[in-house]
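What follows is a short report on a single structure.
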Amino acid sequence: MSEDAGEHITAIETPVYLKYNFTAGQATTRFLQQVRQGKLVGQRRPECDCGNVYVPARGSCAACGLPTTEEVELGDKATVQSFTIVWIPIPNNPIQPPYIVANLVPDGANISFIHLMSECDNDSVHIGQRVEAVWKPEEEWDYAMDNIRYFRPLDEPDVPIEMIGKVPLAGWEGEA
Amino acid sequence: MQYAAVTGIGQTQYKARRGDVSIAGLVHEAARNALDDAGLDWNDIEAVIIGKAPDMFEGVIMPEIYLADALGCDGKPMLRVHTAGSVGGSTALVAASHVQSGAFRRVLTVTFEKQSESNAMWALSNPQPFSPHLNAGAGGYFAPIMREYIRRSGAPRDTGIKVAVKDRLHGARNPLNHLQMPDISMQEVEDSPMLWDPIRFLESCPSSDGACAMVIADEGLANDGPRPPVWIRGGAMRSEPTMYAGRDEVNPQAGRDCVADVYAQAGIDNPRKQLDCAEVYVPFSWYEPMWLENLGFAEEGEGWRLTMEGATSLDEGGDIPWNCSGGVLCSNPIGASGMIRFAEAARQVRGDAGEHQVDGARTALGHAYGGGAQFYAMWVVSTDKS
Amino acid sequence: MKDIAVVSFAQSDCRRDAGACNEVELIMPVIEQALQEVGLRNSQDVDFTCSGSCDYQQGAAFAFVMGVDALGAVPPIKESHVEMDAAWALYESMLKITMGQAESALIYGFGKSSPGELPTVLSQQLDPYYLAPLWVDSVSLAALQARVLLDRGIISEQDMAAVVSRSRANAKANNPHAQLAGDVSVEELLAEAEWVAPLRKHDCCPISDGASAMVIATVERARSWGRPFAVIKGIDHRMESHNIGARDLARSASTELAAEKAGVANGAVEVAELYAPFSHQEIILSRALGLDDSTEINPSGGVLAGNLMMASGLSRIGEVARHIMNGDIRRGVAHATSGPCLQHNLVAVLEAA
């Protein structure tokens with residue numbers, strides 16, 4: 001070793017490449033098979049007192065810890081539970097910031113999922129707002145949630161706060 | 001249950017990148033500082049309890065395996081805790097249970113994160129097939145919940161800005177902090193880029209390298225060191241699922257239950273009066289008013305008033321200062337952040353918090369949360385054993 | 001540590017690929033079974049829940065968070081997680097019960113190794129600056145250890161094959177969940193080609209998906225449930241240096257120490273279930289535990305018959321407990337391991353009540 005040991009080493013690059021063959025799970029597979037057909041379908045456990053409808057189902061009624069065995073048809077319409085306006089770009093996505101990421105509860109479900117909102121004025125998006133899914137063209141459908149390109153506002157009255165998460169498949173106006 | 005006390009505390013300098021040390025060097029530094037603080041050596045330690053957030057942050061699987069030597073564990077029990085962001089707190093509690101069970105007399109606990117070794121944003125939300133990749137990260141997940149809090153409480157929009165300034169001013173008193181912003185102003189925070197509306201850049205925590213360690217000892221050994229013992233008066237953990245219908249994400253039941261448990265153990269029924277300060281996990285500014293309510297310092301919908309009145313500010317002479325150390329908004333080595341809260345609560349109680357000391361503090365709360373605000377770990381520490 | 005009762009134990013089949021099931025779907029059945037054996041409904045009926053798993057196995061951060069969906073954790077529960085084999089989740093739970101904050105606990109471990117290439121994944125468990133960049137996989141390190149034993153004449157290839165032969169036979173006779181079981185002679189095994197020399201493929205445990213779960217309680221609580229139970233009389237675990245060159249790989253110093261602390265030698269060991277992922281390691285471990293011919297080793301076939309990474313350690317304890325609960329034996333020893341070449345070892349002594 002020479003006298004001059006050189007610069008202090010503060011980092012080395014050791015990239016980690018690991019290959020995984022990811023699988024969806026039974027409940028998610030059932031969900032994705034429907035999404036592939038352009039349908040949003042929730043799941044519940046009929047025996048549960050809570051009767052919660054989960055979407056996308058992850059295998060159990062999380063409150064009870066038991067499998068969701070029954071499919072429940074959901075609509076394309078949903079309600080904004082809450083949202084954020086994101087100012088950070090999504091890599092490889094044509095949607096430019098600022099864009100809306102929202103927690104949406106589809107009609108007939110009791111749980112929200114996260115998706116994009118578009119075709120909207122960002123400043124007027126609000127909690128309780130009614131929206132609908134905008135699907136990709138059928139030939140592009142795959143086993144993926146981004147078959148729905150985004151959700152866009154509907155010209156429907158807002159859902160009162162206490163009703164968010166409880167709107168039936170028939171929709172909000174249908175119940176009024 | 002056996003009594004247990006914190007007898008040593010060690011932290012590292014927190015920075016965006018600690019290029020001067022390896023991961024082993026980082027945890028060793030915190031552990032060595034804690035041992036020095038307790039007047040001990042490696043041989044005085046019976047077991048080591050280590051914690052950190054997901055292994056993907058550094059890309060080292062079950063790193064206790066590799067860190068065994070850096071922490072003097074050859075021939076000792078070593079346990080690795082992982083409960084998401086609350087892990088710093090739960091690791092301290094699991095370490096305490098080693099002593100409180102009577103199975104061990106003195107243990108070392110260490111938590112760390114060296115986020116510069118990898119890409120935390122990727123590790124938190126690495127693209128998974130089947131679901132849309134929204135690149136929202138933790139901020140994108142929590143922002144809608146903060147928005148719902150604002151709607152419910154009618155809090156003024158600058159509450160978050162006030163917290164961001166207050167914690168940075170606190171943080172400027174603490175030389176260990178990653179962010180040092182002694183001249184920060186409300187305007188500067190307001191002008192900082194919006195990331196996930198309502199959260200601006202300066203209302204978010206940084207991403208830091210750092211480690212924190214503590215020595216926990218039983219009653220017989222508690223007074224052996226140069227420092228006064230800090231007694232653990234209560235400790236609790238709670239968990240609930242990420243998503244279930246009817247879940248209150250703004251004021252989660254798991255947090256309320258956890259704090260009720262820890263207060264009951266410590267004999268606290270009026271936290272604002274009976275606690276002298278609190279170190280609470282606030283990674284985004286709006287979480288201060290939200291946790292003020294969740295932890296019982298204010299009625300539901302009223303937390304923001306305490307913030308705006310300056311009740312939580314050391315500089316404004318508030319009656320219940322929160323995050324005198326600067327909190328997660330000043331340093332955030334994720335896996336260690338919870339333990340730093342626990343350790344800073346202990347520092348306050350033994351009166352050696354330096355420039356950010358609360359005069360005469362005797363009882364303090366340390367708090368951590370994680371996952372989708374679903375995992376909680378808390379403790380109350382005090383100068384008094386019982 | 002207090003005497004703690006193991007009241008029930010359930011384990012899934014060991015399957016090479018449980019592709020169709022996600023983590024929740026793997027966990028739910030074993031948790032349900034373990035609870036139902038005691039007449040409990042979900043985690044609400046115990047005081048504490050603790051699990052063991054490893055994110056890198058399935059390649060997603062926070063794998064354990066989904067596990068909470070299988071617990072019925074509404075209202076919220078007292079719960080914790082170790083990024084270790086669930087045998088250490090049991091250890092954490094025992095501390096909780098001993099300190100008096102709980103009288104009962106549910107413990108579970110799960111692993112889905114099939115999505116990745118496990119030996120390669122485990123190479124990233126090594127020192128990230130010196131060893132991990134070399135991608136030394138777990139099988140190669142074990143082979144290095146086996147070579148040490150063979151070269152020193154401590155064991156022979158016949159001894160290793162005998163371990164495998166017995167594992168397969170025991171699995172066939174006793175273990176409905178085994179992945180590898182059957183009658184195969186030492187001669188047949190030795191006729192197979194070397195794989196990662198000196199290891200043959202059969203010297204290495206298979207890669208399996210699955211889960212296991214256990215309910216434990218104070219002895220008083222266990223009695224009140226009115227079901228047979230086994231008592232953990234001693235438990236201890238010890239770490240060793242990560243510097244493989246500094247260790248004597250021919251023995252397991254940490255197992256020896258843990259065995260002494262757990263009190264293995266305080267009575268006859270009728271059955272031992274050892275977490276030996278490689279055939280030669282079973283021999284190292286049985287020596288470290290001071291076992292002789294009077295002990296039946298791995299009647300389940302051990303992990304050579306199926307290795308539920310992150311649950312296998314808990315399953316070893318469960319297997320011994322089951323023998324005691326069934327009244328087959330009065331005293332047994334269980335072992336769990338973690339890290340390359342048996343770096344970290346846990347030993348538990350179980351007895352009849």
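Some values worked out for this structure:
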read-out: Index of the failed condition, B:Asn177 passing every other in (1) in contact with a Gly (Cβ under 8 Å, 6 or more places away or on another chain); (2) assigned to a loop (DSSP other than H, G, I, E, B); (3) buried (at least 21 other Cβ atoms within 10 Å of the Cβ); (4) within 14 Å of chain A (Cβ to nearest Cβ); value: (4)
read-out: Evaluation of B:Gln374 against (1) more than 18 Å from B:Arg238 (Cα to Cα); (2) crowded, with 24+ Cβ neighbours inside 10 Å; (3) of a type in the set (S, T, N, Q) (one fails), failing number; value: (1)
read-out: Some residue of the stretch B:74-87 being without any contact (Cβ under 8 Å) to a residue 60 or more places away in the chain, part of a loop (DSSP other than H, G, I, E, B), out of contact with any Lys or Arg (no Cβ under 8 Å at 6 or more places or on another chain) and not aliphatic (A, V, I, L, M); value: no
read-out: Selection count where residues are outside any loop (DSSP other than H, G, I, E, B) and surrounded by 18 or more Cβ atoms within 10 Å (Cβ to Cβ), scope the stretch B:266-290; value: 10
read-out: The stretch A:16-48, subset in contact (Cβ under 8 Å) with a residue 12 or more places away in the chain and among the charged types (D, E, K, R), residue farthest from the other protein chains (Cβ to nearest Cβ); value: A:Lys39
read-out: The stretch B:147-157, subset surrounded by fewer than 16 Cβ atoms within 10 Å (Cβ to Cβ) and part of a loop (DSSP other than H, G, I, E, B), residue modelled with the lowest pLDDT; value: B:Arg157
read-out: Residue among C:Ala246, C:Ala253 that alone is modelled with pLDDT under 95 and either within 14 Å of another protein chain (Cβ to nearest Cβ) or farther than 20 Å from B:Ala68 by Cβ (or both); value: C:Ala246
read-out: Members of the stretch A:135-164 found to be more than 14 Å from the chain's Cα centre (by Cα) and surrounded by 18 or more Cβ atoms within 10 Å (Cβ to Cβ), listed by number; value: A:Pro153, A:Val159, A:Ile164
read-out: Members of the stretch B:86-113 that are at the interface with another protein chain (Cβ under 10 Å from one of its Cβ atoms) and farther than 21 Å from C:Ile97 by Cβ; value: B:Ser86, B:Val87
read-out: Tally of residues being away from every other protein chain (no Cβ under 12 Å), assigned to a loop (DSSP other than H, G, I, E, B) and either buried (at least 20 other Cβ atoms within 10 Å of the Cβ) or free of Cβ contacts under 8 Å to residues at least 40 places away in the same chain (or both) across the stretch A:49-78; value: 1
read-out: Residue check, B:Asn294 within 16 Å of B:Ala364 (Cα to Cα) and either crowded, with 22+ Cβ neighbours inside 10 Å or polar (S, T, N, Q) (or both); value: no
read-out: Selection from the stretch A:81-99 of residues that are β-branched (Val, Ile, Thr) and either exposed (fewer than 14 other Cβ atoms within 10 Å of the Cβ) or facing another protein chain (nearest Cβ under 9 Å) (or both); value: A:Thr84, A:Ile85, A:Val86, A:Ile88, A:Ile90
read-out: Residue match in the stretch A:114-122 (condition: free of Cβ contacts under 8 Å to residues at least 60 places away in the same chain, surrounded by fewer than 16 Cβ atoms within 10 Å (Cβ to Cβ), of a type in the set (D, E, K, R) and more than 14 Å from chain C (Cβ to nearest Cβ)); value: yes
read-out: Output for the stretch B:1-44, where each listed residue is within 14 Å of another protein chain (Cβ to nearest Cβ), surrounded by fewer than 24 Cβ atoms within 10 Å (Cβ to Cβ) and in a helix (DSSP H, G or I); value: B:Ala24, B:Gly25, B:His28, B:Trp42
read-out: Close pairs (8 angstrom Cβ cut-off, 6 or more residues apart or separate chains): within 14 Å of chain C (Cβ to nearest Cβ) in the stretch B:358-375, charged (D, E, K, R) and not in a strand (DSSP E or B) anywhere; value: B:Ala368/B:Arg341; B:Gly372/B:Glu249; B:Ala373/B:Glu249; B:Gln374/B:Glu240
read-out: Condition met for C:Gly267 (modelled with pLDDT of 95 or more and surrounded by fewer than 24 Cβ atoms within 10 Å (Cβ to Cβ)); value: yes
read-out: Count of the stretch C:284-300 residues which are of a type in the set (A, V, I, L, M, F, W, C), within 17 Å of C:Arg330 (Cα to Cα) and within 15 Å of the chain's Cα centre (by Cα); value: 1
read-out: Scan of the stretch C:99-125 for residues that are within 27 Å of C:Ala142 (Cβ to Cβ), in contact (Cβ under 8 Å) with a residue 60 or more places away in the chain and either surrounded by fewer than 21 Cβ atoms within 10 Å (Cβ to Cβ) or within 11 Å of another protein chain (Cβ to nearest Cβ) (or both), ordered by number; value: C:Lys112, C:Ser113, C:Ser114, C:Gly116, C:Leu118, C:Val121, C:Leu122, C:Gln124, C:Gln125
read-out: So B:Leu71, is it buried (at least 23 other Cβ atoms within 10 Å of the Cβ), more than 8 Å from every other protein chain (Cβ to nearest Cβ), free of Cβ contacts under 8 Å to residues at least 60 places away in the same chain and touching a strand residue (DSSP E or B) at 6+ places or on another chain (Cβ under 6 Å); value: yes
read-out: The stretch B:205-251, subset among the hydroxyl-bearing types (Ser, Thr, Tyr) and over 19 Å from B:Val328 (Cβ atoms), residue surrounded by the most Cβ atoms within 10 Å (Cβ to Cβ); value: B:Ser239
read-out: Within the stretch A:133-176, tally of residues that are more than 14 Å from chain B (Cβ to nearest Cβ) and touching a Pro at 6+ places or on another chain (Cβ under 8 Å); value: 5
read-out: Any hit, the stretch B:76-86, residues being over 29 Å from C:Ala253 (Cβ atoms) and either more than 17 Å from the chain's Cα centre (by Cα) or among the aliphatic types (A, V, I, L, M) (or both); value: yes
read-out: Residue satisfying condition, being on the phi > 0 side of the Ramachandran plot and of a type outside the set (Lys, Arg), within set C:Asn298, C:Asn243, C:Asn266, C:Asn307; value: C:Asn298
read-out: Residue among C:Gly290, C:Gly327 that alone is on the phi > 0 side of the Ramachandran plot, outside the structural domain of C:Gln58 (by TED's automatic domain parsing), free of Cβ contacts under 8 Å to residues at least 60 places away in the same chain and surrounded by fewer than 24 Cβ atoms within 10 Å (Cβ to Cβ); value: C:Gly290
read-out: Which numbered condition B:Ala47 misses (of (1) touching a strand residue (DSSP E or B) at 6+ places or on another chain (Cβ under 7 Å); (2) buried (at least 24 other Cβ atoms within 10 Å of the Cβ)); value: (2)
read-out: Meets criteria (assigned to a loop (DSSP other than H, G, I, E, B), within 14 Å of another protein chain (Cβ to nearest Cβ) and in contact (Cβ under 8 Å) with a residue 60 or more places away in the chain) for C:His177; value: no
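The values are calculated or read from the model by the stated rules, or taken from the named source; none is laboratory data. Keep in mind that this is a model prediction, so the values were computed, not measured. Methodologically, a virtual Cβ is constructed for each residue, glycine included, from the backbone with ideal geometry; neighbour enumeration extends over all protein chains shown.
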